[in-house]
1. Restricting attention to the stretch 151-163, does a residue exist that is farther than 18 Å from ILE99 by Cα and either surrounded by fewer than 19 Cβ atoms within 10 Å (Cβ to Cβ) or out of contact with any Leu (no Cβ under 8 Å at 6 or more places or on another chain) (or both)?
2. For the stretch 87-114, what are the residues that are over 21 Å from GLN173 (Cα atoms) and at pLDDT 95 or above?
3. Of everything in the stretch 225-280, what is over 20 Å from the mean Cα position of the chain (by Cα), charged (D, E, K, R) and at pLDDT below 95? Give them in sequence order.
4. Among the candidates PHE46, PHE50, PHE73, single out the residue that is hydrophobic (A, V, I, L, M, F, W, C) and surrounded by 22 or more Cβ atoms within 10 Å (Cβ to Cβ).
5. Would you mind stating whether LYS176 is basic (Lys, Arg), touching a residue at least 40 places away in the same chain (Cβ under 8 Å) and out of contact with any strand residue (DSSP E or B) (no Cβ under 9 Å at 6 or more places or on another chain)?
6. Could you tell me how many of the residues in the stretch 31-43 are buried (at least 17 other Cβ atoms within 10 Å of the Cβ) and aliphatic (A, V, I, L, M)?
7. Going residue by residue through the stretch 192-214, is there one that turns out to be over 26 Å from PHE276 (Cβ atoms), among the hydrophobic types (A, V, I, L, M, F, W, C), in contact with a Leu (Cβ under 7 Å, 6 or more places away or on another chain) and not in a loop (DSSP other than H, G, I, E, B)?
8. Residue check, SER79 against (1) assigned to a helix (DSSP H, G or I); (2) among the hydroxyl-bearing types (Ser, Thr, Tyr); (3) crowded, with 16+ Cβ neighbours inside 10 Å, all met but one. Which one?
Amino acid sequence: MNTSRLKHFFWQILPSVLAVLSALLIGAVIIFAIGENPLQAYAAMFQGAFGDPSSWAETLQRATPYIFGGLAFSIATRSGLFNIGIEGQMYVGAIAGAIVGFSIHNIPAFLHIALALAAAALAGYVWAIIPALLKVKSGVHEVISTIMLNYVAYALTAYLTVRVFHEPGAVAQTYKVDPSAILPALMPPNKLNTGFIIAIVLAIVIYVFLFYTPWGYNLRVTGLNPGAGRYAGIKSTRIVLRAMLMSGAIAGLMGAERSLGIYGRFINSFSPGYGFTAIAVSLLGQNHPLGIIPAAILFGAFENGASFMSLQVNVPRELGLILEALIIVFIAAEHFFRDGLRSMLKGDKS
């Protein structure tokens, strides 16, 4: 890596590093204010997240939907779109994968899993068609259309769960997925499954796609400067449409990983906000497919480690959520960090 690339890499990751460090610093102040030792609390959090193979497995399991969701958001953002509808696209993907999972029987597992994942991706793809067409045909801002479609997805999946595919009982859930459609566990009895492997492979494929193919180049140019892209002959409308549809398909896979790998069925209101947290993960990873992976693992570590920390130290588990929220705030102030440090360095040189 030459000096110019190293310098570019430094300035690219610096805001994310400073956001995490700033969040940890403020978290330490909060821990100290309630009368506990911040070092002990963070040590317990680290142990809970990475202390043994079982802890690692739980952290990676929690990180998996954030990798999928971060990739979905990133591919749209690279084209200049802001896909807030990942949550809704995830819901329709989750129930579509579950329906295929419990409706088909007596076929090989690899084929059943492939069909269920394909159905989930197709559902997310179809759900993204609406905001994509509204954007390119009528100029409707995708933030508005995708937010509204989230609520439609909640209502649609709730209706299907309660009225059409409801398994008898008090819980609003569908029938159980056939064993041949369950994503294999990687470290049983933990729920970490092959969905994590799929997410990692997908991140690598998208990285190659974005930075080493003509389509990826056209997509990035469209996102950075649509006018320049059109002047260069790039069909930006087609690029934007494909990016949104690809984003929806990835979000659909995100939902399938939960219904086929974690719950073994679709459960109404199963998400604590995976699609929205994934946006923060993508921003922390600088919307880079490979940067999203460590960012997702960090968020998974906060969630997993906070539970163990609350048992070892008198610090509420909600501290993990506070740290995530603080990181989001500091990521939003990215330009403050970057421009401020550049000004300081220029001042030192002068």
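The values are calculated or read from the model by the stated rules, or taken from the named source; none is laboratory data. The structure displayed is predicted, hence computed values, not measured ones. Glycine gets a Cβ as well: all are built from the backbone with ideal geometry, and neighbour counts include every protein chain shown.
1. Within the stretch 151-163, one or more residues are farther than 18 Å from ILE99 by Cα and either surrounded by fewer than 19 Cβ atoms within 10 Å (Cβ to Cβ) or out of contact with any Leu (no Cβ under 8 Å at 6 or more places or on another chain) (or both).
2. Kept after step one, since they are over 21 Å from GLN173 (Cα atoms), are these residues of the stretch 87-114: 106-111, 114.
Answer for the stretch 87-114, where residues must be over 21 Å from GLN173 (Cα atoms) and at pLDDT 95 or above: ILE107, PRO108, ALA109, PHE110, LEU111, ALA114.
3. ARG230, LYS235, ARG238
4. Result of the check over PHE46, PHE50, PHE73: PHE73.
5. Yes: the conditions hold for LYS176.
6. Going through the stretch 31-43 one residue at a time, the tally reaches 2.
7. Within the stretch 192-214, not a single residue is over 26 Å from PHE276 (Cβ atoms), among the hydrophobic types (A, V, I, L, M, F, W, C), in contact with a Leu (Cβ under 7 Å, 6 or more places away or on another chain) and not in a loop (DSSP other than H, G, I, E, B).
8. Failing condition for SER79: (1).
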